[in-house]
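Quick note: the coordinates plus some simple rules give every number you see, no bench work behind them. Here the structure is a predicted model, which means the values were calculated and not measured. Here Cβ is always computed from backbone atoms with ideal geometry, including for glycine, and neighbour counts include all displayed protein chains.
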């Protein structure tokens, strides 16, 4: 045996192994580079056939045949990528905080209900999270590997409405967090950890859409913004740089971009597109100064994707597709993770507490200016019955213990039994929740008085659903019939 030949073979094998390792490393770098290119800077959006577009977030028929499309605006010659080609219909993309995954609503086949799915953007691999017989829509991420979405439920008393649920991203521990007779949709989680929802009353009469805000456990549901009578909110709301942005229509023109101050949402409405003719159908954040918008030029049929600067009101087009409208777009990148709010809900508790400082303190100008009678009582109204009438304290305060997750409304009543005002909006109190308000119909922006209400010096009045109770006219205590 020639030792030199053996040595040469060994050297050659070693060289081959080194070459294979180098090729493997280069391949990994190349693949990683390709994956990175498919993710970072990409914009994903819902694209629907144009003849189906309507300014109604509750109309799911417009999303039949819709798909989620991805584009790289800065890459010349790159074709759009259909991320949901394996689905009959898909919409409502939301990007995870690390920019790696996407939540969306979709249906595999035309006969299937809408469900919530998640996609890994690097390889388009999908997994189904929800599997309910009813439609599930409008997902968004929550901190702690959780998510939130709306599910269509039917109740014998109030009919059908979209109710908010939350759960783990693996599909476990999914639970209901809203319990009022309203439809909640177009969800978005803002930086402070709360959920903004576009909601409309379904019972006892149909109501207008309002922006409400609540914590991820369903507590502290309250008004965030409501439109004027001739206007209508038609898109999810998003937060950027201390501002809230959404699309609103009125009777004379199509969708316009609206901004609110996060700290004063009820009194800071501003139209930020008055100088730009045309209509808008959706908005999301793009960079520190610009918004990613869905915009239709005057006399055009299609909503296209573009960037809008609210400061100089300049618009630049990014992508369009003849015969299709783009109704929601979002950029693929890492996002600031919202606060992970702790929960006070304890399901073993069967009730919660509500305290009001003064029922005669109101933010309604028509009541303050009319010289109305002083209210001495409140009536608590359930879905189809009165849950009780109680006297309030001399300072106008009341303190009640309410059965958890039971919807109710409150109206104020004079000592002679005349209704002063109401009923107000729907409430519900979660298990172990503690809520307080300054007065009736005051709005959430008014600071409380710096005093102890008389009502909290005694035990709360207990309010129970379906109990046949009557009020003792001389006290706050109930007597059973």
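Can you give me the orientation-averaged projected area of the convex hull built on the Cα atoms of region 304-421, in nm²?
Averaged projected hull area, Cα only: 15.6 nm².
How do 286, 398 line up, fewest other C-beta atoms within 10 Å first?
On the way: 286 21, 398 25.
Fewest to most other Cβ atoms nearby, the residues stand as 286, 398.
log₁₀ I(q)/I(0) of region 217-262 at q = 0.30 Å⁻¹, via Debye over equal Cα point scatterers, no solvent, to two decimals?
-1.13
Give, in nm to one decimal, the length gained when the segment between residue 155 and residue 349 is fully stretched (0.36 nm per residue of separation minus the Cα-Cα distance).
67.5 nm
Please state the shape class of region 42-331: rounded when a/c is under 1.5, otherwise prolate if a/b exceeds b/c and oblate if not, all from the C-alpha gyration tensor.
rounded
Over the C-alpha atoms of region 47-202, what are the Rg and the largest Cα-to-Cα span, Dmax, in Å?
Over region 47-202's Cα set, Rg and Dmax evaluate to 15.8, 56 Å.
Going by how many other beta carbons lie within 10 Å of each one, how would you line up 214, 221, fewest first?
Least to most surrounded, the residues fall as 214, 221.
Sorted from fewest to most neighbouring beta carbons within 10 Å, what does the list 153, 304 look like?
153, 304
What is the gain in length, in nm to one decimal, between residue 288 and residue 313 on full extension, counting 0.36 nm per residue of separation less the C-alpha to C-alpha distance?
Gain in length upon complete extension: 7.5 nm.
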